[in-house]
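First up is the structure itself, then whatever we jot down about it.
The values are calculated or read from the model by the stated rules, or taken from the named source; none is laboratory data. Computed from a predicted structure; not experimentally measured. With ideal geometry, Cβ positions are generated from the backbone for all residues, glycine too; neighbour counts draw on all protein chains shown.
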Amino acid sequence: MSDRIKTARYPKLEHFAEPNVITTTADFIFSWARSHSVFPFTYGLACCAIEMLTSGFARYDIARYGMEVFRPTPRQCDLMIVAGTVNEKMAPVLKRLYDQMSEPKWVISMGACATSGGPFYDGYNVVNGVDKVVPVDVYIPGCPPRPEALFQGLLELQGKIQQYKFVPGKPAAPEAAELVAPAAATEEV
Amino acid sequence: MGLVVGSNPMSMDAVAALLAERFAGELTDVRVQEPDTIVARVAPQKLAVLAARLKADADAGYETLNWIAGVDRRTSFEVVYHVYSWKTNTYIELHVDLPRARPEVDTVTGVWPAADWHEREAWDMVGIVFTGHPDLRRILLKDDFVGHPLRKDYVDLAENHPHA
């Protein structure tokens, strides 16, 4: 686990002035709440969806990260887990559903197909990576990735969410700049 | 003889002989290929009539259409119908040869309604035209896709990749 995740997950709780009183920053408390109540959008397109669903069941239990509320509608979600091959017929639908999600929103590209087309790269009807359609925050390698890999991706995303600044006027942390999605992908939105 | 599902009251050779004799005008090259599959060739203009008779046959009624496949044989096209008979617990594969310049065959949706989507897929992927089909349009690829990708001479086109 990277240092970034560690520091993001266990930030400073300044001091205890009295019993049950915690002093911390507004940035921390908002980003802590936001990163632990992510509503994933069920976007299973192929076998990666089986691993994604397995993540939700008792053996792996995605609820440990506060993310168990999968929703089948974009209007109640802020994280799109693209799990599977995106084809040219699906791409406009995916873009439309992404647009219907309310801000702030994130995208996880789960598995080789969603990341680059995977084994179907350059197929007659395959989009070579979902980042051609929507901006991606975290890429998870694997074919398909195991639930543990998905969880590491979710922790990376939590680390990213926790670096958002909610109080205006503060300079962004250096790590935040490096974590922004690639410029090429962002422009196509 | 009562029907026992999963059993074949006749031998495969007997079923093949029965079909070859009863449909002598339509089926050619009848042979037993697998332990449970009979393969035969059909002329495209005889297919629709044969399909109806084959389904209605009292002894070996092939009621259940499993799938239809379009095949590119380079010099010609072929359509393969895979049909199951509950009466004899056998399959029949009907092979229909079509000329490459004009791959057209009559629809069998009137006989086996399941043929609807299978024929649309064969049209979508290989470009077989099923005349008389109620709604022959693409089923897997997007509506404005150009070409039929499972043809051997298909060349990937830039306009089929708007998100490349």
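Taking the criterion of being surrounded by fewer than 17 Cβ atoms within 10 Å (Cβ to Cβ) and assigned to a helix (DSSP H, G or I), the residues of region A:29-55 that qualify are A:ILE29, A:PHE30, A:ALA33, A:ARG34, A:ILE50, A:LEU53, A:THR54.
If a residue must be in a loop (DSSP other than H, G, I, E, B) and closer than 22 Å to B:PRO162 by Cβ, how many such residues does region B:104-131 contain? Residues flagged as in a loop (DSSP other than H, G, I, E, B) and closer than 22 Å to B:PRO162 by Cβ within region B:104-131 amount to 1.
The conditions of being touching a residue at least 40 places away in the same chain (Cβ under 8 Å) and surrounded by fewer than 20 Cβ atoms within 10 Å (Cβ to Cβ) are met by B:ARG74.
Restrict the check to region A:149-162 and report whether at least one residue is out of contact with any strand residue (DSSP E or B) (no Cβ under 7 Å at 6 or more places or on another chain), in contact (Cβ under 8 Å) with a residue 60 or more places away in the chain and among the small types (Gly, Ala, Ser). Yes, region A:149-162 has at least one match. A:ALA172 meets the conditions (1) out of contact with any Lys or Arg (no Cβ under 7 Å at 6 or more places or on another chain); (2) modelled with pLDDT under 90 in every case but one. The failed one is (1). The condition (being in a loop (DSSP other than H, G, I, E, B), away from chain A (no Cβ under 14 Å) and farther than 30 Å from B:ASP59 by Cα) is satisfied by just one residue among B:PRO134, B:PRO149: B:PRO134.
Scanning region B:36-58 for residues that are within 23 Å of B:SER11 (Cβ to Cβ), assigned to a strand (DSSP E or B) and among the hydrophobic types (A, V, I, L, M, F, W, C) yields a total of 3.
From the list A:GLU68, A:GLU51, the one residue that fits, being more than 23 Å from A:GLY129 (Cα to Cα), more than 14 Å from every other protein chain (Cβ to nearest Cβ) and in contact with a Pro (Cβ under 9 Å, 6 or more places away or on another chain), is A:GLU68.
From the list B:ALA101, B:ALA164, pick out the single residue that is outside any helix (DSSP H, G or I) and modelled with pLDDT under 90. Among B:ALA101, B:ALA164, only B:ALA164 is outside any helix (DSSP H, G or I) and modelled with pLDDT under 90.
Applying the criterion of being away from chain B (no Cβ under 14 Å) and assigned to a helix (DSSP H, G or I) to the residues of region A:80-108, the residue that is surrounded by the fewest Cβ atoms within 10 Å (Cβ to Cβ) is A:ASP99.
Condition first: within 14 Å of another protein chain (Cβ to nearest Cβ) and either surrounded by fewer than 18 Cβ atoms within 10 Å (Cβ to Cβ) or in contact (Cβ under 8 Å) with a residue 24 or more places away in the chain (or both). Can you find one or more residues in region B:103-119 that meet it? Give the derivation first.
Our first condition is that a residue be within 14 Å of another protein chain (Cβ to nearest Cβ); within region B:103-119, this holds for none.
No, region B:103-119 contains no residue that is within 14 Å of another protein chain (Cβ to nearest Cβ) and either surrounded by fewer than 18 Cβ atoms within 10 Å (Cβ to Cβ) or in contact (Cβ under 8 Å) with a residue 24 or more places away in the chain (or both).
In region A:133-147, the qualifying residues are those that are β-branched (Val, Ile, Thr) and more than 14 Å from chain B (Cβ to nearest Cβ), and the one that is nearest to A:LEU45 (Cα to Cα) is A:ILE140.
How many residues are of a type in the set (D, E, K, R) and farther than 18 Å from A:ALA63 by Cα when one looks only at region A:17-49? Break it down into steps so the answer makes sense when it comes.
Kept after step one, since they are of a type in the set (D, E, K, R), are these residues of region A:17-49: A:18, A:27, A:34.
If we keep only those that are farther than 18 Å from A:ALA63 by Cα as well, we get A:18, A:27.
Number satisfying all stated conditions: 2.
Of all the listed residues (B:ALA164, B:ALA122), the sole one being aliphatic (A, V, I, L, M) and more than 10 Å from chain A (Cβ to nearest Cβ) is B:ALA122. Just one of the listed residues (A:ALA63, A:ALA91, A:ALA112) is of a type in the set (A, V, I, L, M) and closer than 21 Å to A:GLN158 by Cα, and it is A:ALA63.
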